[in-house]
Each structure stands twice: as C-alpha cells, then as structure tokens.
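Have a look at the structure below, then the notes.
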Amino acid sequence: MSVRTTFERRQNRIAYAFVAPATLLIVLIYLAPMAMVALTSFTDYTLVSDYWEWVGFDNYRQMLADPAVSNAVRNTFVYAALFLPGAFIIPLLLAIAIQERKQFRSILELVYFLPVTSTLAAMALVWAGLMDSRQGVINAALGWFGLGPLNFLGDPGTVLFALAGISLWSVIGFNMVLFLAGLTAIPRSLYEAAAIDGADHPVDQFFRVTWPMLAPTSVFVAVTSSITAFKLFDTVAILTKGKPDHASEVFLYLTFLEGFEYFNMGYASALSVVFLGVIFIFAAVQTFWADRQTHS
Amino acid sequence: MARLTLSDIHKSFGSTEVLKGISLDVANGEFLSLVGSSGCGKSTLLRIISGLETPDRGTIEIDGKAMTALAPKARGVAMVFQDYALYPHMTVAQNMAMPLIMARLPFHARLPGMKWLTPHLAPLRAEMAGQVEQVAQQLHIDHLLERRPAQLSGGQRQRVALGRALVRNPTLFLMDEPLSNLDAKLRVKVRTEIVDLHRASGLTFVYVTHDQVEAMTMSDRVALLQAGTLLQVAPPATLYAEPQSIDVAKFIGSPEINLLPVCAEPEGLRLGATLLPLSHGFKPGTDLIVGLRPEALRLSAPGLAQLRPAEGPELQLDMVQASIEDLGSEIVVHGAVAALPDIALRIRAQKSLQSGVHKIALPERLSLHAPMATAVIFDINGKRLDPQSVARRQEALA
Ligand SMILES: Nc1ncnc2c1ncn2[C@@H]1O[C@H](COP(=O)(O)OP(=O)(O)O)[C@@H](O)[C@H]1O
Ligand SMILES: [Mg+2]
C-alpha cells in the first residue's frame, strides 16, 4: 500500500515536472502581461512621469464620459456592420459554388486564398494606390460610368467602407476555405436521402441540409470574423492614422493612440481590458457552441 | 403496388464498366434480393432504380411507366441507405416528416420561419404529424420521436430509416444492405421484422445484400450479380439446387460446393485413378466438372448421425482429413481426395445426440460416399449441363 503511494507520488512529481516548462511559458507570455495590464488600468501611470498612484476605477469612469471613446466604439460598430455580412455571406456563396465544380476547383480555391497569404501591411499600400482620388484605377473605372472621383480614404463618409473593403478582400479566401471544409464534411448520402425525400430544389437542399449541417462552421466563421472586425488596426495605422477627422479612429487604434502617442498608459490599459473582455465573450460563445455541438 | 422492369441497364464510371446490361423483372409485391460480393455493382444498380444515378443505356419502368428520365422523388420509391443517412440535426419526428413536408407543403411554406407565417396550414402540419406518429407506433419507435439520431442505438436508427421510407407510402421499397451495421443478434431480429413488414405492406421490395444467408432466408427470388452481370435469378431453393453455373454454385451455400474435375470415358467418369461407374452419354474425352454439396456427401463414423442410404449410383472416394470444424449441431470436415491432393473436399455431417460433449475424433483416412443423383454437372467452361439432356443421354445409352 505504502509502496504504491510512494510510486504514485513520484509519478505525480514527474508529471508536474513535464508540464512545468509549458506552464511557465503560458504564465510569462499570457497571464503575467494580462495581469500587469489589469493592474496598470487602476493607476494613472504615464510614460512621461515616474510618479504614479492608484486611482481605482477612475480610468473606467473617464472612458464612459470620453467622446473619443464613444466615437471609436461607433466607428468600430459601423465598420463591423459593413465588414461582417460580406465576410460571412460572400465566402459562403463562393464555397457552395466552388464545391459543386469538378473542374478548376483547386485553381479557384488557390486564387481566392492568395490574399490570405500576402502581407496585409504591404497590400494595404497597393490598395491605397488603387483607391487614390487622382491616379487610382478605381476612380478611373468610376469615371467611365460618369461617377466620382471619390476620395475613398480621405472622406469621412467613405473611409470605413474603404477599410471594410480591404479587410474583406484579405479575409474572404480564409473564410471560404473554412466553409469548404465544412461543406466537404457533409455526407453525400444526406443529399441523396434528401433527393429521395423530395428536397432536390437547391433552396430546399440549402435550408434542410447544408445550412444546419454547416452550423458549427458558421459559428466559428462568425466568431473569428467578429474578432477580426473588432481588432482592426493595421490598415488604419498604415493608411489613415484615424483620419480624416477621427472618422477611422476605431477602438484598438484609439487604445494605441492613448498608450503610445499620448503616453497615458493607465488609460490605455483600461481600454485594453475592455478589449480583452469583449474578445473573451466571443471566445466563450465559440467554446459554448462547440461544446453543444459535440454533446448533442 | 408496383412492377419493376429493368431492360439492358449499362453503367460505367470512367473506363470501368460496372453494370454490363442488366435486365430484370420484379413482380408486384415480390421480395427480390440482389446479392453479390462487395463491389460487384449492387448499390449502383439500386441507385439507378431510385434515380440517384442515371444509366448510360437501358430503361427503367415501374408499372409500365418509363422512369428513366424522372427525378428520384417522382418515382414513388423509398430507399433505406446502408448508413441510414438520417438528418443528424433533426429529431426522429422531423426526419420521418421530411418526405411528407416536401410532398405536401407548398414551396414558400417550407422556408425557414414560415411555420408562424402560414397558420392556415396548421391543420395540414398536424395531419402530417399524425401520420408520422402512426408509422412510429407501427415500428415501435413512438417513444423516440423527440430524440436526435445521435441519441439512438443502431437498431433504433435502422427503424427510423425504415419509418422515413414508409411514411411516404412508396410503391417500391429499396434497401441497400440495411442490416450490415447491426450486430449479429439484432440482425436476425430485424431480418424477420423486415420480412414481416414486407408481408404486411404487400409492397415490392428490392433488397441489396452481400450476405447470402439474408438473401436466401428473406426473398421470394434472388438475383445473383457478379462483375456487372446477372448470373441467375431464381427462388432461393432453385438457386441452391439448380445453379446455372459454377459461379452461382460457388457463391451460394456454405461451406462451398465441392467441385470434382472428371473426364468422360466409355465405362464411366474418371476422377484421377478412380473410375465412376456411371452411364453418362458424354463423348469420351469430354472434360466435365461434377459439383456435390457438402451435406450430400456421406461419411460414416462413430458420433455422427447415420444418413439414409442414397438412391442410385454412388461415388466412393478415399479422403485424407485435414481439419474438423465442430459447429455444435453439425461438423464440417475439410480434406483432400486421397488420389488428388489438390482437390479440396468439404463435408457437412449431422452430429448424433449421443455424441454429447465429446470431441469428435475421426481417423485420418476416411471413406465417403457421394450419391450421384444430387450431383450437378458443369461443362469445362462452368456452364451447367441441362439435367434433362444428361438424363436423356443416359437413357439412350442404357
Ligand atoms: N460514383 C462512382 N464513381 C466511380 N466509381 C464508382 C462510383 N460508384 C461506384 N463505383 C465503383 O463501381 C463499382 C461497384 O460499386 P457498388 O455498386 O457500390 O458495389 P457494391 O454495392 O456491390 O459493393 C466499385 O468498383 C466502385 O468502386
Ligand atoms: Mg454497396
């Protein structure tokens, strides 16, 4: 009996030794910085002064009253509302169309996936060139129809559309591949059973078989795309810097401004905590749904 | 109620010809089994009947009406898939209601959310639910209606698949190896249930299986498919006793039929050194193959029940025993003809009750008797020689 317990204790010790490096890395890389951010959000720490003190929830209270924050939240939501439907529906339709093709399927997949493999920061500059109000190809094309010219990135009314368009271009291929994987996993025999049962019209097929069978994929795509929308940063930082007139100042870019332009680390940390909280909610939805799918 | 007529069905996938001209008539209310080894084209033929696959050539008629160009739903056929193909996201009730919804609700009422926007169709929906309930009761699955397929056992899923096929009131019932995913015991149970279902419904059944026992026990007629051609279509007993070719004889029956190569000589049929003193009427020098079912061979040994002595001429052979399989009620002896070691023999013998629990011991060298009246004779190409013409020749000789 005692021999057995000593053995078990030794086994446990070995197990702990094995997980220790990974645990340490997780703590160092993820948990400790998050804790630091959370703690900093309760201070008035700035990068320009050595002096700081605890301020409790002041930063969070300030956020609620800050017009820059409400502007950033509104911009983020408008952007998400422009980006998300396209980021979901276009890849879904593309995936269904490509799935049914025998010829060219892999070539089409490759073509749509190419933007995903490119560096968005570099491609953003290409897009800026395309969308230029004077020399841009897009305005030249609009000119053919007697429209424009539009200053896509310089006009407060169009800048979020332009940013959403660039993001769409970069994400469609990725989401399409996710949907394709989901579609491929649907057993063919379900469509055959549906055909025998009378559901051979594409609309019936879609609503009776494809859409419900695609539910786990759809949730995943919706959640990851929402997170992508919420953490919009790089194209803003490269192309517009929040301009014109704060019209493209989205939440994460504002956080960046507060922290690294105005050096208000305490306030920036509080914004980051809110950001983390929102991402956490999305992740929780995803996990909860994935669980439900596997248990039913 | 339906009579199914297939004429000259051809089907190729790429360069492989899977079906090479299948013609078949299934009578109204008949239970026809389509049997053959794996990959011989059974599923393909069934899918062509159902309309999931189009034949390259040939026609399908149901009750004289051409079906070849019709969509599956227009053919009035029901199909039970090998993996059941239940909709995993729907409850049992929804699964079973699917054919009714598709057939009876108008297109706009089938779109998502239309249940609440088309309240005038509520009576119709209730009627369909009632129909589902009724079929569920018939199959004893009415307590499962709210479950999802993942929460059901294999046997229950099987029943739901049957139920979904039944609610639509089909004229023709197609089943593709419906029992192959069940364990052995359940298989026997569901087998009888399907036969009962056939009898009660009076529908025409086409039942695909690779299991000859299923085919032999369930069917009115068995169609034996091999490499894309129908070898023989006959009632089970005929198929067993009167196989039209060696391939049929080998496929049906377990253990396999014994095949002895013989050569016709003036005095009889020669098997190696043994001469079968049999008047036969074949031209001397003709090579023939004699088929003998394992249970027709007679072996006398302690512990074995005595068979009735056979009528007519018997072939007497010396045999070297290789192994014995004791199946409880009977034994199967494997061995070789003493004179020709490469000719395998299988013998099935009843055990007598007295032998009890003792292991049956047989001497290594056995003597056995094969009544020639039960023999089927094939020509060297494996084609059955017409028994009547064989008899006529013998008479002429006598
Ligand atoms: N859709 C298909 N494409 C290509 N080959 C197929 C297809 N369906 C069946 N086959 C081939 O046809 C042959 C017969 O298949 P099948 O009818 O499923 O046989 P069985 O049901 O008798 O086992 C197999 O060799 C199989 O590989
Ligand atoms: Mg098959």
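Take the residues of the range A:166-190 that are within 14 Å of chain B (Cβ to nearest Cβ) and of a type in the set (A, V, I, L, M, F, W, C): which is surrounded by the fewest Cβ atoms within 10 Å (Cβ to Cβ)? Checked the range A:166-190; the qualifying residue surrounded by the fewest Cβ atoms within 10 Å (Cβ to Cβ) is A:Ala185.
Restricting B:Val190, B:Val222 to those that are more than 14 Å from chain A (Cβ to nearest Cβ), away from ligand 2 (no atom under 16 Å from the Cβ) and in a strand (DSSP E or B) reduces the list to B:Val222. Of the residues making up the range B:62-74, those that are within 9 Å of another protein chain (Cβ to nearest Cβ) and either open to solvent by less than 30 Å² (accessible area, probe 1.4 Å) or not small (Gly, Ala, Ser) (or both) are B:Pro72, B:Lys73. Do you know which residues across the range A:46-89 are over 14 Å from A:Leu271 (Cα atoms), open to solvent by 70 Å² or more (accessible area, probe 1.4 Å) and touching a residue at least 24 places away in the same chain (Cβ under 8 Å)? Within the range A:46-89, A:Leu47, A:Val48, A:Trp52 qualify.
In the condition set (1) at the interface with chain A (Cβ under 10 Å from one of its Cβ atoms); (2) open to solvent by 50 Å² or more (accessible area, probe 1.4 Å), B:Met90 is compliant with all but (2).
Only one entry of B:Phe13, B:Phe81 meets the criterion of being out of contact with any strand residue (DSSP E or B) (no Cβ under 8 Å at 6 or more places or on another chain) and within 15 Å of ligand 2 (Cβ to nearest atom), and that entry is B:Phe13. When B:Pro170 is tested against (1) away from ligand 1 (no atom under 16 Å from the Cβ); (2) more than 13 Å from chain A (Cβ to nearest Cβ); (3) open to solvent by less than 20 Å² (accessible area, probe 1.4 Å), exactly one condition is not met: (2). What number of residues within the range B:40-61 satisfy the criterion of being away from chain A (no Cβ under 14 Å) and assigned to a helix (DSSP H, G or I)? Of the residues in the range B:40-61, 2 are away from chain A (no Cβ under 14 Å) and assigned to a helix (DSSP H, G or I).
Are any of the residues in the range B:14-23 away from ligand 1 (no atom under 15 Å from the Cβ), assigned to a strand (DSSP E or B) and hydrophobic (A, V, I, L, M, F, W, C)? No, the range B:14-23 has no match at all.
So which residues in the range A:209-238 are within 14 Å of another protein chain (Cβ to nearest Cβ) and either free of Cβ contacts under 8 Å to residues at least 12 places away in the same chain or out of contact with any helix residue (DSSP H, G or I) (no Cβ under 6 Å at 6 or more places or on another chain) (or both)?
So in the range A:209-238, the residues within 14 Å of another protein chain (Cβ to nearest Cβ) come out as A:209-219.
Residues satisfying the conditions are A:Thr210, A:Trp211, A:Pro212, A:Met213, A:Ala215, A:Ser218.
For beta carbons closer than 6 Å, sequence separation of 6+ or different chains, a first residue in the range B:150-174 that is over 21 Å from B:Pro72 (Cα atoms) and a second that is open to solvent by 30 Å² or more (accessible area, probe 1.4 Å), the qualifying pairs are B:Gly154/B:Asn181; B:Gly155/B:Leu186. Scanning the range B:153-167 for residues that are open to solvent by 20 Å² or more (accessible area, probe 1.4 Å) and either within 14 Å of another protein chain (Cβ to nearest Cβ) or assigned to a helix (DSSP H, G or I) (or both) turns up B:Gly154, B:Gln156, B:Arg157, B:Arg159, B:Leu166.
The values are calculated or read from the model by the stated rules, or taken from the named source; none is laboratory data. What you see is a predicted model; the values in this text were computed from it and never measured. Using ideal geometry, Cβ is built from the backbone for each residue, glycine included, and neighbour counts are taken over all protein chains shown. These area figures cover heavy atoms from the full protein model, side chains too; ligands, DNA and RNA do not enter into them. Shrake-Rupley method; radii C 1.70, N 1.55, O 1.52, S 1.80 Å.
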